[in-house]
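Note sheet for the following structure.
The values are calculated or read from the model by the stated rules, or taken from the named source; none is laboratory data. Remember, it's a predicted structure, so these values are computed and weren't measured experimentally. Heads up, the Cβs are rebuilt from the backbone with ideal geometry, glycines too, and the neighbour counts pull from every protein chain shown. Accessible surface is based on the protein model in full, side chains and every heavy atom, while ligands, DNA and RNA are left aside. Shrake-Rupley method; radii C 1.70, N 1.55, O 1.52, S 1.80 Å.
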Amino acid sequence: MSTIEHSATLHAPPERVFALLERVEDFVDYSDLIEAIEPLGDAHYRWHVRAVGMDWTFDVVITESVAPSVLAWESVDGVHNTGRYQLTRVPEGTQVALCVEYEIKNRFVEKAVRRAATPLVNRVSQQILDRVAARLHAGE
């Protein structure tokens, strides 16, 4: 399984950061690559993403939601992946750590995906956290 990790510090308490991250449908506003997120009920969502010149659709389920410290998910179709936001109170506000793990059975394809996925996930993660920070500073 391949792992991509990204972290940042947001200048707000974990409760405020978590309140924005748990609104999964709003992620469409946090990244230019996310075209739509459809709520399917029972903590299931269908994501529509446009990345590396391709359209990607995948369904995820929220597997853990513990305010204000953990939000985790797992794919239920497509490329198997899991993700987890871990929020930790620090003197500056909140340390947000993202860990995404994915598995592709074909080693050649996985190597190619890893080269594209790591910078892409880091870019999307940074964009999401920057826009969450902007909302926090705007008073949401």
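Summary table
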| item | result |
| --- | --- |
| Close pairs (7 angstrom Cβ cut-off, 6 or more residues apart or separate chains): over 17 Å from residue 75 (Cβ atoms) in region 29-46, at pLDDT 90 or above anywhere | none |
| Members of region 90-125 found to be under 13 Å from the mean Cα position of the chain (by Cα), at pLDDT 80 or above and surrounded by fewer than 16 Cβ atoms within 10 Å (Cβ to Cβ), listed by number | 97, 99, 101 |
| Filtered residue count, region 62-89, keeping only those that are open to solvent by 40 Å² or more (accessible area, probe 1.4 Å) and at pLDDT below 90 | 4 |
| The one condition in (1) closer than 23 Å to residue 133 by Cα; (2) touching a residue at least 24 places away in the same chain (Cβ under 8 Å); (3) not in a helix (DSSP H, G or I) that residue 18 fails to fulfil | (3) |
| Selection count where residues are of a type outside the set (A, V, I, L, M) and touching a Phe, Trp or Tyr at 6+ places or on another chain (Cβ under 7 Å), scope region 1-26 | 1 |
| Enumeration of residues in region 21-49 that are outside any strand (DSSP E or B), open to solvent by 20 Å² or more (accessible area, probe 1.4 Å) and modelled with pLDDT of 90 or more | 22, 23, 25, 26, 28, 29, 42, 43 |
| Members of region 1-15 found to be outside any strand (DSSP E or B), open to solvent by less than 50 Å² (accessible area, probe 1.4 Å) and of a type in the set (A, V, I, L, M, F, W, C), listed by number | 12 |
| Region 50-61: number of residues that are open to solvent by less than 70 Å² (accessible area, probe 1.4 Å) and free of Cβ contacts under 8 Å to residues at least 12 places away in the same chain | 1 |
